[in-house]
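What follows is one structure encoded as structure tokens, with my remarks underneath.
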Amino acid sequence: MAGVLLGVSAALAGCQREERQLRLDPPVADALDKIALMPSRIGGAPPEVYFKLGKPYEANAYNLSQGKRLYTWFGCKSCHGDGQGGSGPAFLDGWWYYGPELVSIFASIRDGRPHGMPAFGDKMTTDQIWQLAGYVQTIGSYEGKTAAPSRNDEKQTRPAENRAPAKLLFDEGPSPVHPDQGPTP
Amino acid sequence: MTRPATAPDTRDIDIERTRLTSTLAETWKTPPGFWGALTTVDHKIIGRRYIFTAFVFLALGGVLAALMRLQLAQPEARLIGPDRYNQIFTMHGANMMFLFAVPVMEAVAVYLVPLMVGTRNIAFPRLNAFSYWIYVAGGALLWIAFALDMGPDVGWFAYVPLSGPQYGAGKRADIWAQMITFTELSALAIAVELVVTIFKQRAPGMTLDRIPLFVWSMLVTSFLVIMAMPAIMIASTGLILDRLFGTHFYNPAEGGDVLLWQHLFWFFGHPEVYIIFLPAAGMVSTMIEPFARRPAFGYLGLVMALIATGILAFGLWVHHMFVAGLPRLGDSFFTASSMAIAIPAGIQMFCWLATLWDGRPVFKTPLLFIIGFIVTFVIGGLTGVMVASVPFDTQVHDTYFVVAHFHYVLIGGAVFPLLGAVHYWFPKLTGRMMSETLGRWSFWLIIVGFNATFFPMHILGLEGMPRRVYTYQPDLPWHGLNVFISLSAVVLTAGFLLFFINVLKSARFGEVAPDNPWDAPTLEWATTSPPPSYNFAMIPVVGSLHPLWDERDTLPVADGLRTDRRELIVTTLAAAEPQAREASPRNSIWPLLAAVATTIMLIWSIFSPWAVVWGSIPIAVALIGWFWPKGTPEDES
Ligand code: HEM
Ligand SMILES: [Cu+2]
């Protein structure tokens with residue numbers, strides 16, 4: 001009886017959040033690259049296959065934590081800091097110049113943006129760009145995700161992603177926080 | 001509640017024998033059916049369940065081992081990928097250690113210790129029921145998670161930072177950590193029950209020097225559990241907090257310490273292997289007597305060796321950390337203390353050999369397993385002394401040499417005695433004998449299969465094959481031995497299969513056993529097989545270490561216990577003089593409800609820290625129900 005209870009709750013929480021796809025099939029990776037972007041290059045729709053796979057880059061713990069690793073490895077920190085921003089805009093404040101949708105974030109990383117955001121399309125695989133995009137989205141999310149990564153083994157500059165770090169900034173409260181936004185495009 | 005079967009305050013001497021047994025049966029019974037099964041607090045029913053469940057986990061862990069051997073049989077095999085392999089070896093290790101080896105020993109004790117000390121139920125019987133439910137929940141958590149691709153993949157000792165928030169993505173490491181909490185909770189509960197049972201419920205006259213050796217071993221083991229398990233519960237709670245809540249116990253950048261994990265883990269982890277081994281040693285000391293047909297040689301030496309091992313067990317943990325870069329002096333100290341443990345182990349070995357030497361051995365299956373144990377455990381002990389030396393360990397650390405070593409001590413030192421014990425005590429549990437023919441066949445298949453499987457692993461390790469690799473390249477010189485090992489594992493599996501067949505077959509069709517089929521000297525054989533719900537119609541009075549040999553025909557008994565309610569005798573700690581009549585709790589559903597509430601809280605707390613707050617409310621309700629005063633006065637002395 002306890003077993004059944006346990007099983008059901010675990011199945012609900014589990015689903016695909018723990019799957020680890022170490023290497024994508026080349027055709028799938030190809031298809032994942034074909035996002036439909038609005039002419040303004042803001043907003044759009046992910047390819048069909050993204051939904052078929054069950055939105056693997058938003059709720060899958062492994063992909064999100066890989067994204068976090070890529071965030072360091074590819075030097076995102078040098079401009080965006082730990083999410084607080086620097087010469088690039090902050091993610092923590094939940095303000096997105098190009099909107100909060102995953103496709104926009106994907107496009108920003110793959111194709112670059114004006115005023116200094118380089119294109120990473122030829123430096124990373126599609127899979128990695130998606131992972132990174134999913135991760136960046138969690139930094140500015142004001143709802144904690146259980147699949148999101150927790151802190152790293154280093155100095156802490158803000159609450160970890162699974163604790164919805166942006167929530168603090170969204171909350172205007174008596175003394176609102178206004179992080180530096182960096183240059184406006 | 002159930003109506004007493006006789007008028008209140010009827011004593012056992014007031015009524016004649018047949019009425020006595022039927023009234024006792026009425027007072028102590030577990031009602032048949034589903035409800036009875038959920039509410040029972042009878043240590044025999046719970047012990048049997050516990051043993052059965054632990055063997056199910058042994059079989060499941062065995063399946064994982066077989067899968068690993070299948071994968072490793074050839075280089076670059078494609079059967080299991082790296083991610084799944086990581087989960088499989090972690091599941092195998094964690095399952096074998098936490099869901100099989102420790103619980104099965106405790107389970108045997110839950111069944112046998114009250115019988116061996118001549119009492120009617122274990123102390124704190126409801127806690128005992130609670131312990132079983134918690135154990136099952138922990139096992140289910142681990143295996144269901146594995147089925148959902150959420151099984152832990154960080155090795156059975158889950159080192160940080162690999163299992164920490166940075167590298168342990170998802171909830172896999174949390175599942176491991178919380179499974180630990182479940183199993184440690186259930187083990188701690190049993191340890192407390194056993195200590196109290198052994199200290200306060202021994203039959204009158206069972207002074208300290210008349211305690212059967214298995215009971216002694218469980219006493220020492222229980223103290224080890226009580227002192228070792230809190231360390232790992234703290235460690236795993238710290239890990240969950242780090243991962244979920246962002247604390248910094250193991251984060252060096254914020255003042256935490258990675259080595260803290262290793263210290264806490266192995267401060268538990270080394271005693272853990274004695275928590276598994278000491279009960280097995282106790283089983284051997286107890287079983288050897290009827291088969292050698294003489295008292296065990298050196299009772300005092302055997303008891304002192306158990307206690308010495310128990311104390312020394314807490315002074316060796318750093319030998320698991322020789323490559324972690326600790327100060328030289330520390331390394332030397334722990335090398336010395338690790339080698340010192342060979343002394344009490346050697347004392348026990350020589351006592352067993354002397355017992356056999358001087359006895360007239362009867363080579364039945366249990367004795368075969370004892371001999372298999374002696375040979376195998378000595379080999380494992382010798383490689384143990386080898387890896388206790390720092391330079392050698394630095395070479396073979398994390399290679400298959402270590403895998404070979406710990407399977408020699410774990411399987412040789414604990415599983416063989418356990419299998420012998422199953423053959424030996426099977427008639428006590430079921431009233432039927434196990435088949436000797438099948439028993440011999442399974443023994444030989446297991447002992448040959450085991451050595452052929454694990455001995456070559458020493459060589460693989462010396463050749464540099466690391467443990468925990470999902471495959472290896474064809475140009476490495478490991479292929480031949482790996483094929484051989486995998487083929488031998490088939491023989492080993494066949495042996496275990498035969499053992500399970502023997503158990504299932506004998507339980508239904510085995511020869512009906514007399515009350516004392518082996519002519520054994522200890523009290524559990526003084527009652528029927530299987531024992532009635534009240535164990536003994538009259539509590540026996542013990543006059544020697546071997547009551548059934550020395551007072552073969554007329555075992556004296558104590559009288560004066562009430563029959564209309566559950567009563568047993570409380571005796572003094574050292575001299576076992578009767579002190580009081582004590583009431584033993586009746587059946588209750590609250591332990592199960594408390595276990596369900598605890599399970600919900602513990603699993604929920606993997607996902608949200610608020611679970612600890614809200615989840616405590618149902619637990620509190622269940623505990624209040626459990627301890628609600630019944631209005632019956634505490635009995636007088
Ligand atoms: C039934 C026969 C068994 C076989 C064939 C077997 C085989 C194996 C294999 C192949 C590994 C993995 C080695 C690696 O990939 O590094 C392993 C690991 C292990 N086994 Fe067994 N095993 C058996 C029984 C047991 C038992 C009875 C226990 C404990 C009581 C046990 C405890 C362990 C532990 C603790 C590990 C280490 C897991 C880890 O690296 O985290 N095994 N075994
Ligand atoms: Cu050790």
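A few remarks follow.
- Unit charges at the beta carbon, dipole of the range A:59-169: most positive-side option, A:90, A:118, A:133: A:90
- Helix B:82-94 axis, angle to chain B major axis (alpha carbon atoms, nearest 10°): 30 degrees
- Carbon/sulfur fraction of accessible area - the range A:59-169, other protein chains in place, 1.4 Å, %: 58 percent
- Heavy-atom accessible area buried between chains B and A is around 2700 Å² (1.4 Å probe, both sides summed).
- In the distance distribution for the range A:59-169, Cα-Cα pairs more than 24 Å apart total 14 percent.
- Cleavage-rule hits, trypsin sites (Lys or Arg not before Pro), the range A:92-149, DSSP coil, Cβ neighbours within 10 Å at most 13: A:123
- In a DSSP loop and with at most 10 other Cβ atoms within 10 Å, the trypsin sites (Lys or Arg not before Pro) in the range B:555-637 are B:630.
- Virtual spin-label span in nm between residue B:323 and residue A:119, 7 Å along Cα→Cβ: 4.6 nm
- Here the range B:597-628 and the range B:241-283 have alpha carbon centers that stand 25 Å from each other.
- Carbon/sulfur fraction of accessible area - the range B:468-513, other protein chains in place, 1.4 Å, %: 72 percent
- Between 0 and 90°, nearest 10: helix B:436-462 axis offset from chain B longest Cα axis: 30 degrees
- Taken about its Cα centre, the range A:59-169 carries a charge dipole of roughly 220 debye when the Cβ of each Lys and Arg holds +1 and the Cβ of each Asp and Glu holds -1.
- Using θ = phi - 60° in the Karplus curve 6.51 cos²θ - 1.76 cosθ + 1.60, the 3J(HN,Hα) couplings for the range B:542-547 round to 9, x, 7, 6, 10, x Hz; x is entered for Gly and Pro.
- Charge-dipole axis of the range B:275-394 as Lys and Arg at +1 and Asp and Glu at -1 on Cβ define it, positive-most pick from B:389, B:283, B:356: B:356
- Assuming charge only on the beta carbon of Lys and Arg (+1) and of Asp and Glu (-1), the dipole of chain B about its Cα centre is about 1040 debye to the nearest 20.
- Rounded to the nearest 20, the size of the Cβ-charge dipole of the protein assembly as shown about its Cα centre is 980 debye, with Lys and Arg at +1 and Asp and Glu at -1.
- The HN-Hα couplings worked out from phi for the range B:611-617 by the Karplus form 6.51 cos²θ - 1.76 cosθ + 1.60 (θ = phi - 60°) are 4, 5, 6, 6, x, 6, 5 Hz, whole numbers, x standing for Gly and Pro.
- Average accessible area per residue (Å²) across the range A:59-169 - probe 1.4 Å, nucleic acids and ligands excluded: 39 Å²
- Computed [θ] at 222 nm, helices only, for chain B once each DSSP H run of length n ≥ 4 contributes -39500 (n - 2.57): -20500 deg cm²/dmol
- Shape summary: the protein assembly as shown maps onto an equivalent ellipsoid whose semi-axes, from the alpha-carbon gyration tensor, are 55, 32, 23 Å in decreasing order.
- Within straight-line reach of residue B:171, meaning a Cα separation under 17 Å, sit the following aspartates and glutamates at least 8 residues removed in sequence or on another chain: A:18, A:19, A:58, A:161, B:83, B:149, B:153, B:242.
- Farthest toward the positive end of the dipole of chain B, out of B:211, B:324, B:417, is the Cα of B:417, where the dipole comes from beta carbon charges about the Cα centre.
- Against chain B, whose longest principal axis comes from its Cα atoms, helix B:590-604 is set at around 10 degrees.
- On the range B:354-432, 71 percent of the accessible area sits on carbon and sulfur atoms, based on a 1.4 Å probe.
- Annotation: per residue accessible area for chain B equals 37 Å², rounded to a whole number [probe 1.4 Å, protein chains only].
- Set of the range B:265-301 residues, backbone N closer than 11 Å to the point 7 Å along the Cα-Cβ line of residue B:360: B:293-294
- Principal semi-axes in Å for chain B [√(5λ), Cα gyration tensor, largest first]: 41, 30, 23
- Peptide B:241-247 - average C-beta neighbours from other chains (10 Å radius): 4
- For the range B:36-110, applying the loop criterion from DSSP together with a ceiling of 10 other beta carbons within 10 Å to the trypsin sites (Lys or Arg not before Pro) yields B:78.
- Chain B: relative contact order as a whole-number percent, Cα under 8 Å and 6+ apart: 21 percent
The values are calculated or read from the model by the stated rules, or taken from the named source; none is laboratory data. Given the structure is predicted, the values throughout are model-derived calculations rather than measurements. Quick reminder, even Gly has a Cβ in these numbers, built from the backbone with ideal geometry, and neighbours come from all protein chains shown. Accessible surface is based on the protein model in full, side chains and every heavy atom, while ligands, DNA and RNA are left aside. Shrake-Rupley method; radii C 1.70, N 1.55, O 1.52, S 1.80 Å.
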